[in-house]
Structure formats: C-alpha cells, structure tokens
1. Please find, within segment 13-31, the residue that is least open to solvent (accessible area, probe 1.4 Å) out of those that are within 16 Å of I209 (Cβ to Cβ) and polar (S, T, N, Q).
2. Check off (1) without any contact (Cβ under 8 Å) to a residue 12 or more places away in the chain; (2) farther than 19 Å from Y413 by Cα for Q369 and give me the number that stays unchecked.
3. Looking at this structure, is A451 touching a residue at least 12 places away in the same chain (Cβ under 8 Å), out of contact with any Phe, Trp or Tyr (no Cβ under 8 Å at 6 or more places or on another chain) and farther than 22 Å from Q239 by Cα?
4. Sort through A343, A357, A324, A333 and tell me the only one that's modelled with pLDDT under 95 and not charged (D, E, K, R).
5. Could you grab me the full set of residues in segment 235-267 that are open to solvent by 20 Å² or more (accessible area, probe 1.4 Å), over 14 Å from L535 (Cα atoms) and outside any helix (DSSP H, G or I)?
6. Give segment 190-234 a look and list any residue that's assigned to a helix (DSSP H, G or I) and either open to solvent by 40 Å² or more (accessible area, probe 1.4 Å) or without any contact (Cβ under 8 Å) to a residue 60 or more places away in the chain (or both), or say none.
7. If you go through segment 613-661, how many residues are touching a Leu at 6+ places or on another chain (Cβ under 7 Å) and either more than 18 Å from M552 (Cα to Cα) or of a type in the set (S, T, N, Q) (or both)?
8. If a residue counts only when it is among the charged types (D, E, K, R), which helices (runs of 4 or more DSSP H) contained entirely in segment 327-437 have at least 2 such residues?
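The values are calculated or read from the model by the stated rules, or taken from the named source; none is laboratory data. It should be emphasised that the depicted structure is a prediction, and the values quoted were computed from it without experimental measurement. Here Cβ is always computed from backbone atoms with ideal geometry, including for glycine, and neighbour counts include all displayed protein chains. These area figures cover heavy atoms from the full protein model, side chains too; ligands, DNA and RNA do not enter into them. Shrake-Rupley method; radii C 1.70, N 1.55, O 1.52, S 1.80 Å.
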Amino acid sequence: MIYSETDGRNFSLYIDDIPVLSHSPDCPFLSVCDDKSFVNRLLTRIPISGIRRKYISLDNVNYDHERSILRFSRGSRSVSFSVRESEGTVILSPIKPLQSFSHLRFGFKAIPNEPVFGCGGITSSPNLRGRHINIRGGSSAVESEKPRPMDFVGKYSGGSEAVTPKFAVPSFFTASLKFYSFWTGGSSYFDFSHSNYFTADFDCTPEKIVLGKAECINSIHKHQTELYGKRCALPSKYQSGIVAGITGGSKKLLETLDTLSKSDVPISAFYIRDWTGTFAYNSAEREFWDWCWNKEHYPHLDEVIRELTDLNINTLCYINPHLAMEGRLYAEASKNGYLIKGADDSNLLSDMGGFMAGHIDLTNQSACQWLRQILIDNVFSLGFSGVITDRLDYLPKGAVLHGGTTPAKAFNYWPALWTKIIRSAAEQCGLDPVCIVDSGSIGSSTSLISAKGDRVDWLNGNGLQSALHEILSLGLSGAGPAHCDLGAYAHLIPEPLFANHLIRWTELAVFTPAMLTHTLLGFSQSSPEASRDVLFQMSRLTKLRYHLAPYMNLCIEQFHTDNIPPMRHMWEAYPDLENSHSIDDQFMLGDELMVAPVVVAGQTSRQVTFPDSDTWVHLLSGTEYQPGTKIVDAPPGSPPVFYKKGGSYESTFASLAYKTL
C-alpha cells in the first residue's frame, strides 16, 4: 500500500511502511531548470556533465491519494506524476506539463559512505561513491587507436571528470538495497560525490521512474531484468574452447585452425571480422563496412562454415549499423531513404576513423525491414550463427531521425533497436542468435558483453584491472554475462610487458563466460597465437576451461533462471565481509569458485582475502587456506583460483590440477 506523510516542509512517500521517496528543503526531490533563462539556453548547447546550471527546487509537494497523483510545484512551475504500485515498487509516470523545462534534477537522501553500485560498465571501480557518472544522450566520439591527451587529463585530474561507460544504464542501488531506475532515451548525469545526498540530472523528463527497497540482492537483479528484456542465448558449446578472432582471409582462417589444433587448443567458434573485405588505412588493413560476403577475400566461405559446423565449431561475423559510403549497401540505402539525414536533408556522414560512413536510421521501419532482410540473406543464410557488433554508442547529434525523434531522446534505446532486428532476422532463419556487444543500454538483448577496460590503463600496465572492474560493474548492474575482450587493446601494451600481459589476460579469460580472442587489424602482436609462450599457456589454460565447462554452464544457467551474474563482486557474495565493497580485484565465479587474477603488470604474487566460515583450496596446487588475508604465489600460468572445501563440485575441482599439468 502506498501512503504519504508530510509536516508542510518535509514529505515522504511509503510503500508497505518502507520510505522510497523523500523531500526536504535541504534535499529537494525535484528541481527544474527553466528554459526562459538566457544562460540556461546557452548551456543546453554544452554537454550535461560538469555544467553548473541554475536549478529551482519545487518545494510544494502534494499527493492526491484518491487519484494517485504526486505534484511538485513552485509558483507557476509544476511537474506531476501518476503513481502506482507494482511488486513492491513505486512507479512514477510523468503527466505532460503545460510548461517544459530544459533539465530536471532529482535528489535522494544518502547514508554517509554507503556504497553505491550500478550505471553499467564502470572501469574505475564498481563502487560509485564519490564519483560522477555521465550517461550520454548523443554521439560518442569515434575511438582512436591510442588515447588522446585529454584522455590522460580526464583520468588523472583528481577525480572531478565524469566517468562515461560504454554500456550505460540510468539505474543504481545502494548497499542498503534501495534502488532507483529511470527509463529515458536522453542523457543523464549522476553525482555520488556528496555525503548526505545523491543527484540525478536529465535533459528530458524520464518516461518512467521506479523506486523501491529490496530484501536481498537477488531481488535487485530481478528488478533489473525489466530494464533489459529478453536475452539472447549463449549456447553451452561456447564454454568448451576459445572463440578465435580471425582477419586476413580464408588462408589465414585455415592456418589458424591448423595452428590451434596442433597446439591442442580447443575451439568453440571462429569470429571473422573482415568477411566483407578490407581496405588499406595508415599502412593497416581495415574491414570494409559493406555487409556482403567478399568472395575474393574469403573464397568458399559457405563451404568452410559448413565444414566447421561438422566439427562442432560455430562461426560468428562482425557487423554494425553503419555503412561505408563506397559500398553497394550504402548506395541502396541512400536511394531508398534509409540513412540518417542532416539538417539540410542530405545523408549525414561521419569520419569513422579514416573513412566516411553513413548511418542506418533505426527509427525508420522500412529501413529496419530492409536491414532485417540483409541479415537474413547475407549473414544467417550464409551459415553464421551470430554476430559481434560495436559502435552502437555512436549516434550523431546533428542527426534528423525519421518521424522527428531527436537523437538526444533516442540514444539509450539505439542499441536495443539494433539487437531487436538481429534477433528477428535470426528467428526467421530458425536460430536463437549469439549476439555479443561492447556497448548498450535499456532494452539491449545480448548474449554477452565485451569489456575492454580503459585505454589509458592499458598503457600503464593496468588494463586488466580496469577490464575486471567493468565486468563486475556490469554484473552488479544486471546487464548480463560479460567477458574480457582478449587482445582488444594489445597494441597499447608496452613491448616489455606484452607476453606476460597476454598470459595474465588468458588466465582471467578462463574464468569468464567466454574466452574470446580479439583480432586487431594491422597489429600482429595482438594475435595470441603469434607468441610461442602465450600459445603454450593458452593450450594449458583452455584445457582447464574445457574441464570447467559444466560448472560454467551452471553459472550461466543460473543467470538466465535467477538473474544472478556468473561473475560476482565480493560484496554481492559476502555482504557481511569487512570492506567487501572495496575488494574489486577478486570475484566469485558462481557459488563455489573464488578467482583472484593477477591484474597488475609484473606481479608474481598477490594478496587474497579469504571469506569467513569456509576453507579454500587452491585449484591448481591443492594448498588449503583458512579465512583471512594472505599473500599467495602466482607465477605466470598459475592464477590464484580457489574452491570451497566441501562444495558440491569439490571432486570435479580437485581433479583439475592433474588434467592441466
């Protein structure tokens, strides 16, 4: 039951005696930024993050219980919401106001120093307390091969710079399990830097706000499923070997198959990035964004895919919602009006890092039907069982979308529109597709999320740590299974650290939902098979992964049935463990494996925190550890991984040391 209490200055809204919304003079629930201010009109041209706008708090709060309408007002300014209850939560739906506002700010009382989690894939630390999170509502800059000077300024400017995750969700929760979720396509800016309150700024009124307090973390994850909708599957065969990234044509594919087979590296799938052909850029080869099979670059690809299928090896391809302007599909899309337009009604082109491309308008239903048929004819009918896609976080701000929708209001929904088309095309071919993305937001239906970490960190030898932070943050955000994209930023690793870092990378990848090796055109060192030492360790560790497959499948199945992430932050698994919210370099894989990967360059041992009440056994050495903090040896090829003594998988884990020697 929903009811309210007020003394004229302070207001609280309750559901089943639990306060979920509060307003007071020192922490107003809702403040607005008035369009009529010249300064504010000027500031709307500047990104939302870091801007000091003039907000006016709506201090008068009235709840009409009979009509279930909650109204915030001050003078002529007013914002109202319809209020309803659903499964122990309060849902606020805005009622269209007579007056519009350029920005809205919501305020929430906070407990000093209480940890906060969510907002998507955060590379710095899963605990958001003290941080600013910016969820974009427009274009994302096209990523350069190496960090720009301003990347370093933002990384090391004292923490004032807002963190902008690639997979970004306007939703967060506290350690006391209060949760706050916002359905909006626009940009938002969350400020967790204050001791007694949080703020959330929006450049348009959220379509829906959900507030509540859960009894346990599993209830939080159940609530989060509404944010994402139905997920794509990740078949069990993906747990029994690596997903090997390939570029270079049919010859390279067959050579890699031969090399990995001779090295006894199990393969579950190949991921072909340049199946559409390539073009030269800056002495490197880049894939050609024209989503048609290039028969010269990959002759007999249809036959190769069938033969790989007979070997129980799946094949994935690369694709995205952009089209190189030299391609046949660009010309066809342009002729039919399927591309995003600019203000002058011409095709809006963007420099995508050395070539110009147009962008398919995913708000145009005719364009979506055309794209769906392209996927059926060129991707799934060819034999590909799924796709790996990126650049979903790029939507030009100057775009004029079909039907008048503005990019600022469509940005968060853009990845969901794309994945919906992929799923529809695959289902038409009788497939439950594998869909792997590196960016997304509300409604994104994915099988797996690629976590690459922060580029600046890779240059400093800390890239693995930022990738692990991203994975754990995605898990806490309910986004789904995530993996570290093995080799994605290999070209940024300093040469002296390269071989060691790739081995450590492989060690972490073993204990993620997929061992996927990235392929980066033009950088030969980024191919793991190029290093003999790395190949030897990859063979060992992939065999370990093969024997772990039944347990990993159980972890993924648990996510699909109970919404619990396979890789769990230590706070989620052991909330009563002292300072568990700050342990962000080790994690639980399911209920019985604890993984403490070496994520700092050059380390050969590391500190591990062993939770109370359990005895832990080193997976590879058999050494037992009691609760407490210990220093554990970790030479390359021997990651600190431990299983619970007395667990249901103890006999399986105990046999692995002998199977991977």
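1. S31
2. Single failed check for Q369: (2).
3. For A451, the condition - touching a residue at least 12 places away in the same chain (Cβ under 8 Å), out of contact with any Phe, Trp or Tyr (no Cβ under 8 Å at 6 or more places or on another chain) and farther than 22 Å from Q239 by Cα - is not met.
4. Just one listed residue meets the conditions, A343.
5. Scanning segment 235-267 gives P235, S240, T247, G248.
6. Scanning segment 190-234 gives N218, S219, K222, T225, E226.
7. 2
8. Filter on segment 327-437 gives 328-335, 414-428.
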